[in-house]
Amino acid sequence: MLDDMGICVLTRDIILFLLDRDRGIFRSGEELAKIAGVSRAAVGKQVSHMKKEGIPIMSRRSTGYMLPHSADVIVAERLRRGLSGIVDVQIHEYDEVGSTNDVAGDMARIGAGEWSVVVAETQHAGKGRLGRAWDSQRGGLWLSVVLRPDMPPRSVPLLSLLAGLSVANTINEHTGLDARVKWPNDVKLNGKKVCGILSTMSADAQKVHHCVIGIGINVNNPILNDLQGIATSLSQESCGKMGDRRIVDRTDMLTILLRIMKTEYDTFQTDNGTSMLKRWRSLSETLGRNVTVVSADSSISGLAMNVDSDGGLIIRTPDGETLTVHAGDCLI
Ligand code: BT5
């Protein structure tokens, strides 16, 4: 069917959109079929596909279908509408992939445009930096964004800072929690990691062809026992006094995140990151602290003074030397 913006909407997406809009209310197959412009049998088929994916749609004979209020699901069509006129986004939604960064990278290599976004419910080979694994169970936000910035390759780390800042501001706006950014690629809540960023690029010496900004946010997903001491999720941090876990709306979060990221990126392109860096510094939990940055060939300790215009961390060592590090693990 064509929606009010003239966009062809997949039958699955329109059915999910309608059930999401009327959560808690049964809608007949006939009504859904009419709006989606398909047969009742086609509606039944799409609903059973969605149930197999784990979307808890309830079916009642001779009444219809209903999406419960508690269902934690990314509603692609609500996301598209929320971004319409703000970001010209191409959403590619998957139930399961190896890594959204790999899928987005393949798409970028064959010409996908800026703001092509790959989002998956789960990743079976989610990646951190340096070949580390990223745990990506259902309930999180696992996405990768294709960008084609006009910048030299040495400045690409700024995009990781931009993405981290956008995530922290999204969390603060959407949940009222106090998220902070940690150099180079983390977002933290109460000292624990709630989000990691993995940026990759294709470039020659002077010019970036494309970047893939991978963002992993722990939202409603469980945190592995092994990671409990260092990682947290939005739902865990939003626990009520009775210890009841809140389900955070991932569709709203993703909408806000992409809006904030687009605004940051537009400004970034006009001032080369000057104002983004100002905002990053004010949300930073790294600056002003004693840190050790460990990379493949060095370990540098000292006071984190500032970030430079390419996103490098400026450190003053105990013997008064000032050094800039461009990558590594930052221990505080
Ligand atoms: C990162 O690496 O923090 C980058 C993570 C990027 C994940 C996104 S998800 C969407 C996109 N597709 C991908 O395949 N990746 C991106 P790093 O700084 O190296 O941190 C990795 C370390 O964080 C691991 O060694 C664990 O200790 C820890 N970790 C693993 N899973 C985690 C999780 N879900 N939450 C918090 N920490 C985690």
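At a glance:
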{"quantity": "Residue within the range 38-48 that is open to solvent by 50 Å² or more (accessible area, probe 1.4 Å), part of a loop (DSSP other than H, G, I, E, B) and away from the ligand (no atom under 16 Å from the Cβ) present", "calculated": "yes"}
{"quantity": "Cβ-Cβ under 6 Å pairs, at least 6 apart or on other chains, the range 127-150 side farther than 20 Å from residue 269 by Cβ and in contact (Cβ under 8 Å) with a residue 40 or more places away in the chain, far side in a loop (DSSP other than H, G, I, E, B) and of a type in the set (A, V, I, L, M)", "calculated": "135/224; 140/219; 141/219"}
{"quantity": "Number of the condition not met by residue 214 [criteria: (1) more than 9 Å from the ligand (Cβ to nearest atom); (2) surrounded by 21 or more Cβ atoms within 10 Å (Cβ to Cβ); (3) touching a residue at least 60 places away in the same chain (Cβ under 8 Å); (4) under 26 Å from residue 156 (Cβ atoms)]", "calculated": "(1)"}
{"quantity": "Residue 263 vs. criteria at pLDDT 95 or above, surrounded by fewer than 18 Cβ atoms within 10 Å (Cβ to Cβ) and within 23 Å of residue 145 (Cα to Cα)", "calculated": "yes"}
{"quantity": "Matching residues in the range 108-154 - criterion: being open to solvent by less than 30 Å² (accessible area, probe 1.4 Å), near the ligand (Cβ under 8 Å from one of its atoms) and in a loop (DSSP other than H, G, I, E, B)", "calculated": "126, 128, 136, 140"}
{"quantity": "Output for the range 62-92, where each listed residue is over 24 Å from residue 31 (Cβ atoms) and of a type in the set (S, T, N, Q)", "calculated": "84, 90"}
{"quantity": "Any hit, the range 291-308, residues being within 16 Å of the ligand (Cβ to nearest atom), more than 24 Å from residue 153 (Cα to Cα) and open to solvent by less than 80 Å² (accessible area, probe 1.4 Å)", "calculated": "yes"}
{"quantity": "Sole exception among (1) crowded, with 22+ Cβ neighbours inside 10 Å; (2) part of a loop (DSSP other than H, G, I, E, B) for residue 206, by number", "calculated": "(1)"}
{"quantity": "Number of the condition not met by residue 198 [criteria: (1) of a type outside the set (Gly, Ala, Ser); (2) open to solvent by 10 Å² or more (accessible area, probe 1.4 Å); (3) assigned to a helix (DSSP H, G or I)]", "calculated": "(3)"}
{"quantity": "Qualifying positions in the range 309-318 - more than 15 Å from residue 292 (Cβ to Cβ) and open to solvent by 40 Å² or more (accessible area, probe 1.4 Å)", "calculated": "309"}
{"quantity": "Of all residues in the range 90-107 being assigned to a helix (DSSP H, G or I) and either open to solvent by less than 50 Å² (accessible area, probe 1.4 Å) or in contact (Cβ under 8 Å) with a residue 60 or more places away in the chain (or both), the one that is farthest from residue 209 (Cα to Cα)", "calculated": "100"}
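The values are calculated or read from the model by the stated rules, or taken from the named source; none is laboratory data. Please read all numbers here as calculations on a predicted model, not as lab measurements. Using ideal geometry, Cβ is built from the backbone for each residue, glycine included, and neighbour counts are taken over all protein chains shown. Side chains included, ligands, DNA and RNA excluded: accessible areas come from the protein's heavy atoms. Shrake-Rupley method; radii C 1.70, N 1.55, O 1.52, S 1.80 Å.
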